[in-house]
Structures are given as structure tokens and as C-alpha cells.
Amino acid sequence: MTTSRTAVITGAAAERGIGQATARAYADAGWAVAILDLDGDAAERVAARIAADTGVATFAAAVDVADEQSVQRAQAAVAQAVETGRLPVVGAVANIAGITSPVPFLDTTLELWNRVMAVNATGTYLVTRAFLPDMLAAGFGRIVTMSSVSAQRGGGVFGKVPYSSAKAAVLGFTKALARELGSSGVTVNAVTPGAVDTNIRVGSTDEQEAAIVRDIPVGRTATPEEVAAVIVFLSSDAAAYLQGSTIDINGGSHLH
């Protein structure tokens with residue numbers, strides 16, 4: 001399959017994850033995909049499967065989104081793949097990598113706070129900062145950030161204060177960068193999923209899961225594929241007029 005642009009997706013190797021579903025959705029839509037994940041071996045396996053299933057060009061690299069040097073190495077590897085013709089030019093970055101924490105506020109530590117902020121908020125900054133210059137030079141780019149309904153309603157799903165705070169920071173980042181980039185041809189938009197059927201809620205009980213579903217008017221959690229479809233739309237030419245938007249994907253659990 002011939003592709004003209006590459007989508008870079010972080011946190012794309014986890015099974016039953018939004019990142020992997022997003023990588024596959026990009027590929028199904030004809031994008032080449034660069035899969036970045038903390039688990040480099042898993043990223044390679046996912047890239048190979050997507051290439052075999054869809055025929056698009058794929059690339060994989062290990063990255064710790066919270067580490068500046070690691071992000072720079074990953075960006076350099078993608079850039080080299082573009083320069084050598086293995087990948088087309090980068091046209092989209094989907095910042096999916098994230099972690100959560102269900103720890104009550106008075107049981108949190110500074111180490112936990114810093115880690116949740118580093119992966120979710122600082123990681124979004126570092127990855128976007130690394131890939132933005134080339135998109136600006138090309139006059140086209142789509143940056144999609146992963147926030148959460150928890151940022152809008154103050155938790156209430158699984159992650160508590162550090163997670164909600166980090167995801168709120170992502171919303172502020174998205175709006176401010178979108179305003180700064182203006183009519184550059186690069187858009188920046190956020191998605192705010194509610195509960196999604198992934199493995200991120202490690203350690204949740206059946207009772208907690210049932211309570212989460214009871215709070216959702218449509219009566220179920222989202223699938224990773226439903227979130228991925230919105231991310232790919234925000235990366236399309238049809239979404240060119242969306243700048244600084246927040247797209248809710250929460251089944252009606254937060255209405256505003």
C-alpha cells in the first residue's frame with residue numbers, strides 16, 4: 001500500500017491498548033506508522049503484524065517519553081527512516097503513552113506524583129517538541145493529545161489526584177499550543193476518553209468496574225477502537241478546521 005504520511009504513536013505496543021488500536025486504525029486508513037513504546041521488543045512485534053496485515057510501511061523504536069534523551073533518540077531514528085525512504089514524512093503525532101494511579105491523595109508520595117506527571121504531561125511535551133519542527137517545515141501536521149474525562153470532572157473513574165492533574169495539564173498544553181501555532185498548518189487537538197476497555201486500570205476489582213459502568217449512560221465502557229477512530233479523524237484533512245478542540249468520548253458520563 002502506498003502511503004504519503006507517517007503517524008507516530010506513543011504507547012502503541014500494549015495489548016488491549018488505545019495506542020495499538022490507534023496504530024492499526026492509522027494503517028487501515030493508509031498511513032505509515034511509527035510505533036514508539038517503552039517495550040521496544042513489543043513495538044517491533046506490533047509493527048511487524050500491522051505491516052503484514054495492511055501492507056503499509058511500519059517502524060518501531062523503544063522510547064521512554066518522560067526522558068528527553070530517549071525521545072530525541074527515537075525522533076532521530078524516525079527521521080533517519082524518513083531520509084532513507086523507509087517511511088514517508090511525519091504528518092501526525094498521537095501522544096497516547098500514559099499511566100494512572102488509584103492512590104488516595106494522602107497516600108501519594110512525591111515520587112508517585114512526579115512519575116504520573118512525567119509520563120502523561122511532560123511526555124506529551126517532549127514528544128510534541130521533538131516532532132513539531134519537521135511538521136512546521138512541511139506546513140502540515142496533526143498533533144493529538146490524550147487527556148481524560150478525569151481532567152474534566154475531577155477523577156471519578158479510576159485515577160485520582162495525580163492522574164487528573166496531569167491530564168488537566170495536557171488540556172492546557174493542547175489549547176495553548178493550538179493558539180500559538182494558529183494557521184501554520186499544524187493542528188493540536190485533545191481527546192478526553194472516559195472509561196475504556198483496556199488494561200490501564202491494573203488492580204481494579206469487579207465491584208469497581210461495575211460501579212464505573214453504572215455511571216455511564218450508554219451502559220458500557222468504550223472500546224479502544226472507538227477512541228482510535230476519533231484520533232485518526234483528527235489527523236485527517238477533513239479535520240483541518242479543528243484547532244485546540246477537546247473531543248469527548250465518554251458515553252455520556254460527563255456532559256457540559
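Throughout, read-outs are computed from the coordinates displayed, never taken from laboratory work. Being a predicted model, the structure only gives us computed values, none of them experimental. As a convention, Cβ positions derive from the backbone with ideal geometry for all residues, glycine included, and neighbour counts pool all protein chains shown.
Bridges between two residues of the chain, per DSSP, are antiparallel at a rate of about 0%.
Counting beta carbons within 10 Å around each of K167, K175, K160 and listing the fewest first gives the order K175, K160, K167. Counting beta carbons within 10 Å around each of Y241, Y26, Y163 and listing the fewest first gives the order Y241, Y163, Y26. Hey, how many Å between the Cα centroid of segment 1-75 and the Cα centroid of segment 94-140? Distance between centres, Cα-based: 17 Å.
Shown for W113, W31: other C-beta atoms within 10 Å of each C-beta, ranked fewest to most, produce the order W113, W31. Based on Cα contacts under 8 Å between residues 6+ apart, the chain shows a relative contact order of 19 percent. Dipole check for the chain: with +1 at the C-beta of Lys and Arg, -1 at the C-beta of Asp and Glu, and the Cα centre as origin, the magnitude is about 500 Debye.
If you take all other residues with their beta carbon under 12 Å from the beta carbon of I18, and give Lys and Arg +1 and Asp and Glu -1, the sum is -2.
Between helix 40-54 and the chain, what is the angle of the helix's C-alpha long axis to the longest principal axis, kept within 0 to 90° and rounded to the nearest 10? Value to nearest ten degrees: 70.
With the charge dipole of the chain set up from +1 on Lys and Arg Cβ and -1 on Asp and Glu Cβ about the Cα centre, the Cα lying farthest toward the positive end among the listed residues Y125, G55, A74 is that of Y125.
Summing Lys and Arg as +1 and Asp and Glu as -1 over all other residues whose Cβ lies under 13 Å from the Cβ of D53 gives a net charge of +2. Relative to the first principal axis of the alpha-carbon coordinates of the chain, what is the inclination of helix 224-234, with its axis defined by its Cα atoms, in degrees from 0 to 90 and to the nearest 10? Computed tilt is about 50 degrees.
Of the peptides 119-127, 44-52, the ranking by mean beta-carbon count within 10 Å, highest at the top, reads 119-127, 44-52.
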